[in-house]
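The values are calculated or read from the model by the stated rules, or taken from the named source; none is laboratory data. The shown structure was predicted, so the numbers you read here are calculated from the model rather than taken from an experiment. Note that we place each Cβ from the backbone using ideal geometry, even for glycine, and neighbour counts take in every protein chain shown. Keep in mind that these areas ignore ligands, DNA and RNA; they rest on the heavy atoms of the full protein, side chains included. Shrake-Rupley method; radii C 1.70, N 1.55, O 1.52, S 1.80 Å.
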Amino acid sequence: MHSKTKITVRYAETDQMGIVHHASYPIWYEVGRSDFIKMFGTSYVEMEKAGIMTPLKNLSCSYKLPAYYDDNLIIRTWCITLTAARIVFTYSVKRIEEDGTETELGYGTTEHGFVDSKTLRPCSIRKRMPQLYEKLNKSLKVFD
């Protein structure tokens, strides 16, 4: 199971050459991640109200082809690893061509910890939000 987030490239996301700046990709990953969590009937706001934050531990981005101003993109987001204390997402960024086909522009991963919002110490999502944990666990993407 994965989320599909559509984005139109804004002018502010491009550099002087009219190409999307590489720093835009992690922002798009965050939008995709938020949409992914919403598929399970909750949000990052609800997680934070429950005392859970998800700081970034690792980020990787791979760039294949450039995106340009006004391109229509789709960011697909999957959860690939889940433990009580950590979660890993993977992302695919594709341009939606005029004929409806998709061209892969890049991909990446982010790894996050689950921490208590007051102490910033690791905490268990499985104990704090067991229903969300179970839903996320059932959604894990298995790569062949």
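Which of the residues belonging to region 103-144 are of a type in the set (A, V, I, L, M, F, W, C), surrounded by 12 or more Cβ atoms within 10 Å (Cβ to Cβ) and under 27 Å from K64 (Cα atoms)?
Those that are of a type in the set (A, V, I, L, M, F, W, C), surrounded by 12 or more Cβ atoms within 10 Å (Cβ to Cβ) and under 27 Å from K64 (Cα atoms): L105, L140.
Please specify each residue of region 72-92 satisfying the condition of being polar (S, T, N, Q) and farther than 13 Å from I37 by Cα.
N72, T81, T83, T90, S92
Please find, within region 50-73, the residue that is most open to solvent (accessible area, probe 1.4 Å) out of those that are within 30 Å of E97 (Cα to Cα) and among the hydroxyl-bearing types (S, T, Y).
Y69
Just the residues that are out of contact with any strand residue (DSSP E or B) (no Cβ under 6 Å at 6 or more places or on another chain) and either surrounded by 14 or more Cβ atoms within 10 Å (Cβ to Cβ) or assigned to a strand (DSSP E or B) (or both), please, taken from region 39-49.
Residues satisfying the conditions are F40, T42, Y44, E46, M47.
Please go through region 1-38 and give me each residue that is free of Cβ contacts under 8 Å to residues at least 24 places away in the same chain and not in a helix (DSSP H, G or I), ordered by number.
Within region 1-38, D15, Q16, M17, H21, A23 meet the criteria.
Against the condition open to solvent by 30 Å² or more (accessible area, probe 1.4 Å), in a loop (DSSP other than H, G, I, E, B), at negative phi and modelled with pLDDT under 95, how does D99 come out, does it pass?
Taking the combined requirement at face value, the residue does not satisfy it.
Report yes if Y91 is open to solvent by less than 30 Å² (accessible area, probe 1.4 Å), assigned to a helix (DSSP H, G or I) and of a type in the set (S, T, Y), otherwise no.
No: the conditions fail for Y91.
If you take the residues of region 21-38 that are open to solvent by less than 40 Å² (accessible area, probe 1.4 Å) and among the hydrophobic types (A, V, I, L, M, F, W, C), which of them is farthest from A84 (Cα to Cα)?
Result: W28.
Could you please let me know if R76 is touching an Asp or Glu at 6+ places or on another chain (Cβ under 6 Å), open to solvent by less than 70 Å² (accessible area, probe 1.4 Å) and at pLDDT 95 or above?
The answer is no for R76.
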